[in-house]
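Okay, structure first, notes after.
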Amino acid sequence: QVQLVESGGGLVQPGGSLRLSCAASRIIFSVYDMGWYRQTPGKQRELVATITSLRTTNYADSVKGRFTISRDNAKKTVYLQMDNLKPEDTAVYYCNAARNPMDYWGKGTLVTVSS
């Protein structure tokens, strides 16, 4: 069974940084497009950033210039470097692995930005 395990969430002050990691198992990681999404209570899950198997990246406008997505195929891990965090970045962050028609999700990691 495919597993995606997120880590690195926590409490950080506005302007601070966090690095999220998502470790994948039981998939051929290198052929999957990977992404980070986030969700707050009462809202739909939204895209934060994606990186394709060819390493093409895409970001939500709200995080451009502050967040960086990257992947290490040898470690089967995708990262999200988050800098200059804002209170509105507070959410549960989910890792996604997609290769049509497969679509897998992690259980999420909570990021709280507060002073």
Any chance Asp61 is free of Cβ contacts under 8 Å to residues at least 60 places away in the same chain, acidic (Asp, Glu) and within 30 Å of Ser115 (Cβ to Cβ): yes
Find the strands (runs of 3 or more DSSP E) located wholly in the range 6-52 whose residues include 3 or more that are under 13 Å from Gly106 (Cβ atoms), and list them. 18-25, 33-39
What number of residues within the range 67-94 are within 18 Å of Leu54 (Cα to Cα) and either touching a helix residue (DSSP H, G or I) at 6+ places or on another chain (Cβ under 6 Å) or in a strand (DSSP E or B) (or both)? 11
Of all residues in the range 6-32, which are under 18 Å from Arg99 (Cα atoms), surrounded by 13 or more Cβ atoms within 10 Å (Cβ to Cβ) and not aromatic (Phe, Trp, Tyr)? Cys22, Ala23, Ala24, Ile27
Being closer than 19 Å to Gln1 by Cα and charged (D, E, K, R) narrows Arg45, Arg99 down to just Arg99
Close pairs from the range 1-28: first under 14 Å from Asp72 (Cβ atoms), partner open to solvent by less than 50 Å² (accessible area, probe 1.4 Å) and part of a loop (DSSP other than H, G, I, E, B), Cβ under 7 Å, at least 6 apart: Arg19/Gly8; Leu20/Gly8; Leu20/Gly9; Ser21/Gly8; Cys22/Gly106
Any chance Lys86 is in contact (Cβ under 8 Å) with a residue 24 or more places away in the chain, at positive phi, of a type outside the set (Val, Ile, Thr) and open to solvent by 60 Å² or more (accessible area, probe 1.4 Å): no
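The values are calculated or read from the model by the stated rules, or taken from the named source; none is laboratory data. The structure displayed is predicted, hence computed values, not measured ones. Glycine gets a Cβ as well: all are built from the backbone with ideal geometry, and neighbour counts include every protein chain shown. Heads up: the accessible areas ignore ligands, DNA and RNA and are worked out on the full protein's heavy atoms, side chains in. Shrake-Rupley method; radii C 1.70, N 1.55, O 1.52, S 1.80 Å.
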